[in-house]
Amino acid sequence: MKKLLSFLLLFTFACSGEGQTKLPCTAGRYEKDQFTISPTKTVQYGTNKGWNGETVNLQLDIFEPKGDTATLRPLIIFAHGGGYVQGTKEDMTYFAQQFTKKGYVTASISYRLIPMDKIYDPNNMKREIVKAMSDFKSAIRFFRQSASNGNPYKIDANNIFIGGASAGAITALHIGLLDEKDQMPADFAKFVADEGGLEGNTGTPESFKFSSKIKGVINYSGSILEENWIDKDDAPIFSYHGTADDVVPIGYGITGKSFNMYGSESIKKKADEVGLFSILVKAPNGGHTNIYLDANFANYYIDFHNQVYSKMRSMMCGAK
């Protein structure tokens, strides 16, 4: 009996030790390039009905740091831009892989797009944001479900960040800033209700058992419908935006020729007012897309990411 009790105690201790496994926080990890990239894995994370009733298969690309022996890694999920009418998950590969080299698992998703013949109705564009939110949240739950089922991608379900560019950033910001306690305009509230509520209707019944909560949002040239959705307890926001962006204005203005939205500068101002942590790096005279690869903006791009790398590391690992 004593041997059995000793075994059970040892087994319990070993299991509790595994449950307390923490992210690796070695010097330089999450801030400096440490790895190359493993071959891309493409998987289907869900399906849903498109605008014309067709079945849309939703896929994501997964990037893992090659040779990494860590059993838990933070995850960042990205969504592409393209005005909700075009773009592919491959568009975010460059953005995703710059984080993968530093020790993150990253992913880039596809999501349902709106047909060209429907984009001229502003109500359709608002409904499209809701559909994209539904798909994006399903991708978050997909990874949490995978973590509970063998954890094939070795992610830490407590450290999931999201991000995107342009339309993808708009979607990510709405996920990070809009929650049940926020008051929505009547039209937008109806679209949310029609599409299954704030959790959406993309995913299997089993997947809805998992949370879509995220730890932070990386915003490349995005905006949000209502600045009053920004609260102190929302996810931190990291924004990079051109001051001369005429597609998604950095302040309050017409976005995508559809309706007024609050850009990164407005988001930063409101976040500061309510006490939500946020970062904003502005690219002077930068447009909507040239601030990412144009050498004239390289210093701003690098400065933004250095701030993001440092803050996200401190969120996961504590002060150095």
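The range 69-122 and the range 132-153 have Cα centres lying 14 Å from one another. Among 229, 51, the ranking by other beta carbons within 10 Å of each residue's beta carbon, starting with the fewest, stands as 51, 229. You can think of it this way: the chain between residue 117 and residue 149 has 7.4 nm of extra reach, that is 0.36 nm per residue less the Cα-Cα gap.
What angle do you read, to the nearest 10 degrees and between 0 and 90, between the alpha-carbon axis of helix 264-274 and the longest principal axis of the chain? Here the helix axis deviates by roughly 60 degrees. Between residue 260 and residue 303, what is the label-to-label distance in nm when each label sits 7 Å out along the Cα-to-Cβ direction? Label-label distance for residue 260 and residue 303, simple model: 3.0 nm.
Report the calculated FRET efficiency for residue 189 and residue 293 (r = Cβ-Cβ distance, R0 = 41 Å), to the nearest 0.05. Calculated transfer efficiency: 0.60.
The string of couplings for the range 46-55 from the Karplus curve (6.51, -1.76, 1.60, θ = phi - 60°) is x, 9, 6, 7, x, 4, 9, x, 6, 7 Hz, one whole number per residue in order, with x for Gly and Pro. DSSP assigns beta bridges within the chain; of those with both partners inside it, close to 45 percent run antiparallel.
Taken over the range 70-179, the convex hull of the Cα atoms encloses 95 Å³ per residue.
Every read-out reported here was derived from the displayed coordinates using simple, explicitly stated rules and does not represent laboratory data. Computed from a predicted model, the values in this text were never measured in an experiment. Neighbour counts run over all protein chains shown; Cβ positions are idealised from the backbone, glycine included.
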